[in-house]
Every structure is written in C-alpha cells, then in structure tokens.
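Remarks on the structure that follows.
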Amino acid sequence: MNLRFLIIPVFVFIFGCSQSPTPPQETETSQIPDGIYLKVLGIAQDGGMPHINNPQEFEAVREGKRQREFVVSLGLIDTESQKKYLFEATPDLPEQLYFLDQEMPSSTIIDGVFLTHAHMGHYTGLLHFGREAMGAKHIPVYAMPTMETYLKTNGPWSQLVDLQNIQLRAMQADRVVTLSRKLKITPFLVPHRDEFSETVGYRIEGPEKTALFIPDIDKWTTWEKSILEEVKKVDYAFVDATFFSEGEIPRPMSEVPHPFIDETTALFKNESSTIKSKVIFIHFNHSNPALDKQNPKRIALEKEGYRFAKQGEMYGL
Ligand SMILES: [Zn+2]
Ligand SMILES: [Zn+2]
C-alpha cells in the first residue's frame, strides 16, 4: 500500500503499557506501507502522562479512563532506502525504537537521531545508546552548535561521544541536511528557554509532502516568523500544544511560556478548515484537557479541522 496522500490513524500502542488497558483499535500491523512517512511515537510534554507523583492520573490510567502517553517523538521511515530516523531522544526511547522496529525491521535499530534541544524530554534518551544499555556504535546524532558543545563537554553525554556510541553530525540553522534524493531535513531556530542549548524546529521534506515539527517554542509573538504563513507553506504542522489556556497549572505560567492552544487557534480563526487541518497539536502537558479525547473543547476544534496527534498515526510524505 502506498502511503502517499494518505493519513492513516493506526493505534497499535499496546506494548509496554501494562497500566494502559486501551481496547484494541484499528491496526495496520499486517502490512508495512511503502514510501516515506512519519509515525507519531509520542505526544506528551517532557514529563509524560501519567505525570510523576500524580495519584489521580495513576488511577485514571489504571481504570482505563485515561491513556498512558509517551513523550513527544516522531519516527521517519523510508521503506525504499530501508532507513529510519528519530526526531527527539526521549526518556521513552527504548519503547519508541521497539515500535519503529516493529514497523520496519532492519539491520540497524536507528539510522539517525535529530535533536531539537537540551530539555529532559528531548535528548536524555541518548543515554540508552551508552555502555550501560545498548553500547551502540556510531549512531548519527544531528545537533546544532551549542547542543553539540554541550554534549561533548558534559558528562554523562560526553562519554557517549568519547566511546563513539554516538557520532555527532553538525547542523546549522536553515541549512538543509540531505538524507536522500527524496528526503531533506532543515533545522530552524525558535525562541525557547535555552538554558543548555539553542532550540530548533524542523522542516521535513519528502517527495510529495512537507511537515513542520515545532514541539517546543515560547509564544508565537516572540518568533521572527509568522506561524500562520509557515503553516500555509506545508502539508502538516506538528506544533507545541503544551497548555490549552491560561491558568491551567498552579504556578505563574509566564515561567514556562508556550503558545496556548486557544492562542494558536485565535491566530487561525479566519482561515479555512483546509488550513486549520494542517495544524496537528502535539507535546501536551499532563494538565492539558485536550489529552482527553472526549473533552468538548477538543471536539469543537476537531470539528473546525484542527487535529490532535495520536500515538501510532502515520503521515505520508
Ligand atoms: Zn518539551
Ligand atoms: Zn523545552
């Protein structure tokens, strides 16, 4: 089955989720699609869902009212070249790579990892490539300059570099990384709380379609580009949906700036449902009511065209 032009909701996230009695849903496990496509491997903010020390969420997951969610990550699969890549190295990396391997078994567990920034949900999974776990050899890890320096000069990451478990590949903002004739990746800088590294989003360009991936950004107004215009240039835009609205967490939300879902949708309010449907919300904090598929506000936005990323979904490129 050729995946081009298709978006297939597939939910086969039954592995490793003993707490998550999700009923069996539509699956595509019997066939491996042809082509180049993205696979959603996680949708949660860095702390995951259920969140640490949250008995209410533990109970909701145990009772099947809520679902366990892995930390935000996209897999990129090219069945022609038999390569697979990962966006983000999350704390859930082993299970996410297992899932990718189920999708397309190949001789290498992963052919490259693209990092956005040095916050815990986005790079700490690199440790699994080290001596204590996989003892990997030369896994290409694509990193921006400050991120590269940070990894090289701080333990335990520096040990991954010294032992050549990972091989850092330098990226520059707005410079294309050509993975194949049909697949190009371009990092671009976005404003974020850059304590240890700069932060990037990615433009992921396949033979037919192009995706944006911006899991973490401060307010849209602090970015030099217009998210509205950037979304119009692509087919899919996976964007930061950490919080739904002001007041969602009991601390000053200005300490952790993100575009609220209601701020993003306000920007798009005069656009067609076709444009709105390019917006795919991702990176949900455990507090975000939109994590609940039955939430009325989420359902209302879905009716307008907006989409909410789901683990296991595939997006053809
Ligand atoms: Zn994050
Ligand atoms: Zn972050």
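The values are calculated or read from the model by the stated rules, or taken from the named source; none is laboratory data. Worth saying up front: this structure is predicted, and the values here are computed from it rather than measured. With ideal geometry, Cβ positions are generated from the backbone for all residues, glycine too; neighbour counts draw on all protein chains shown. Calculation scope for accessible area: heavy atoms of the full protein, side chains included, ligands and nucleic acids excluded. Shrake-Rupley method; radii C 1.70, N 1.55, O 1.52, S 1.80 Å.
Observations on the model:
- Counting only DSSP beta bridges whose two residues both lie in the chain, roughly 60 percent are antiparallel.
- Flagged links, alpha-carbon separation over 27 Å, of 84/219; 152/225; 152/232; 152/209; 219/276; 184/297: 84/219; 152/225; 152/232; 152/209; 184/297
- Solvent-accessible surface ranking, highest first, for 189, 228 at 1.4 angstrom: 189, 228
- Among the trypsin sites (Lys or Arg not before Pro) within the stretch 231-314, those in coil by DSSP and having at most 14 neighbouring Cβ atoms inside 10 Å are 233, 269, 293.
- Heavy-atom surface analysis with a 1.4 Å probe gives the chain a carbon and sulfur content of 51 percent of its accessible area.
- If you plug the beta carbon distance of residue 133 and residue 303 into 1/(1 + (r/R0)^6) with R0 = 35 Å, you get a FRET efficiency near 0.20.
- Average Cα contact separation per residue, the stretch 168-299, under 8 Å, 6 or more apart, as relative contact order %: 18 percent
- Under-5 Å amide H pairs with residue 114, H placed in peptide plane, nonlocal only: 86, 87, 88, 142
- With the charge dipole of the chain set up from +1 on Lys and Arg Cβ and -1 on Asp and Glu Cβ about the Cα centre, the Cα lying farthest toward the positive end among the listed residues 107, 119, 259 is that of 107.
- Taking only the C-alpha atoms of the stretch 80-201, the Rg (one decimal) and the largest Cα-Cα distance, Dmax (whole number), read 13.9, 39 Å.
- Rounded to the nearest 20 debye, the dipole magnitude of the chain is 540 debye, with +1 charges on Lys and Arg beta carbons, -1 on Asp and Glu beta carbons, and the Cα centre as origin.
- Average accessible area per residue (Å²) across the stretch 32-316 - probe 1.4 Å, nucleic acids and ligands excluded: 41 Å²
- Measure of compaction for the chain (Cα Rg per 2.2 N^0.38 Å): 0.94
- Dipole of the chain computed with +1 at Lys/Arg Cβ and -1 at Asp/Glu Cβ about the Cα centre; of 55, 287, 214, farthest Cα towards the positive end is 214.
- Helix-derived mean residue ellipticity, 222 nm - over the chain, DSSP H n ≥ 4, -39500 (n - 2.57), to 500: -5000 deg cm²/dmol
- GNM on the chain, alpha-carbon springs under 10 angstrom: the most fluctuating residue among 210, 90, 116 is 210.
- Among the GluC sites (Glu not before Pro) in the stretch 64-158, those located in a DSSP loop and surrounded by at most 15 other Cβ atoms within 10 Å of their own Cβ are 80, 132.
- For the chain, averaging the sequence separation of C-alpha pairs within contact (under 8 Å, six or more residues apart) and dividing by the residue count gives a relative contact order of 20 percent.
- Cα centroid separation, the stretch 248-295 to the stretch 97-117: 28 Å.
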